Amino acid sequence: EELLLLEGENRVLEMSSTVPKSSNIFWHDCPVGKTDRQNLLKQKGCVVWITGLSGSGKSTLACTLGRELHTRGKLAYVLDGDNLRHGLNKDLGFAAEDRAENIRRVGEVAKLFADAGLVCIASFISPYRRDRESCRALLSDGSFIEVFLNMSLELCEARDPKGLYKLARAGKIKGFTGIDDPYEAPLNCEIEIKEVDGVCPSPSDMAAQVITYLEDKGFLHE
Ligand SMILES: Nc1ncnc2c1ncn2[C@@H]1O[C@H](COP(=O)(O)OS(=O)(=O)O)[C@@H](OP(=O)(O)O)[C@H]1O
Ligand SMILES: Nc1ncnc2c1ncn2[C@@H]1O[C@H](COP(=O)(O)OP(=O)(O)O)[C@@H](O)[C@H]1O
């Protein structure tokens, strides 16, 4: 296998994120551009990047937000970690370099969706600040909107809808984010959602907070 080298337990991704392997390639512009698509859709393409611990409510917020935008006649598309790991990213595990490649690919896909004029909602633990910042750097003019679901580990662990924290505590899953793997909280995110007096805002309240931001910044209009 040319792209993947198996080195003991650790997969080494030879296909490095930033080093191009092809030469003699040329960018081809099409006559219909992003602005034309945005005018057609009456909205502006952007990426809403939701980051947080497993169980913090990323998928719930992503789906609630997607439905709310749809109801308002706005075109959105959800990219979800668990889902993409069934297809595009099925070759990746949870070692730091695999997570980095996961996020790199998702960042590129999200950029394409934003270029298509959609509100792309990306829902990934994305535990490393550097990986999230690389995705931000792909998007211009404030169109990367980082949403930090700042829920305590205690809350996420109490929820444990998939039983993964229990397995991680029992040592049956190694390298689980928040237990024996790091999560680097954002330093300068656009939106932070957290518990108030130990209570998490409802999914529709969380979605409303994001919608208000998108409205204020003009993403939901031509
Ligand atoms: N070791 C380990 N650490 C964290 N999460 C794990 C792990 N193993 C499996 N899972 C499941 O994978 C989901 C997270 O996938 P992501 O693609 O979002 O992860 S990452 O951004 O690459 O870190 C995550 O889904 P969510 O609970 O929706 O976050 C888990 O169901
Ligand atoms: N705002 C919320 N209020 C109460 N429960 C929530 C909220 N958001 C998510 N949940 C519940 O928490 C659990 C984890 O949510 P999920 O969206 O799957 O998180 P993640 O995608 O971050 O792993 C689910 O059982 C979900 O129903």
Give E192, E222 a once-over and let me know the one that is charged (D, E, K, R) and part of a strand (DSSP E or B).
E192
For segment 104-160: of the residues being away from ligand 1 (no atom under 16 Å from the Cβ) and of a type in the set (S, T, Y), which is least open to solvent (accessible area, probe 1.4 Å)?
S143
Restricted to segment 166-183 and to residues being outside any loop (DSSP other than H, G, I, E, B) and not acidic (D, E), the residue farthest from C120 (Cα to Cα) is R169
Expected single match for at positive phi and touching a residue at least 24 places away in the same chain (Cβ under 8 Å) among D197, D131, D160, D115 is D160
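Condition first: part of a helix (DSSP H, G or I), basic (K, R) and more than 16 Å from L84 (Cα to Cα). Can you find one or more residues in segment 143-165 that meet it?
Narrowing segment 143-165 to residues part of a helix (DSSP H, G or I): 153-159, 164-165.
Keeping just the survivors that are basic (K, R) gives 159.
If we keep only those that are more than 16 Å from L84 (Cα to Cα) as well, we get 159.
The answer is yes; a qualifying residue exists.
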Qualifying positions in segment 54-74 - surrounded by fewer than 19 Cβ atoms within 10 Å (Cβ to Cβ) and away from ligand 1 (no atom under 12 Å from the Cβ)
R67, E68, H70, T71, R72, G73
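The values are calculated or read from the model by the stated rules, or taken from the named source; none is laboratory data. Model, not experiment: these values are computed from the prediction. When we count neighbours, we look across all protein chains shown, and the Cβ atoms used for this are built from the backbone with ideal geometry, even at glycine. Protein only, heavy atoms only, side chains kept; ligands, DNA and RNA dropped before computing areas. Shrake-Rupley method; radii C 1.70, N 1.55, O 1.52, S 1.80 Å.
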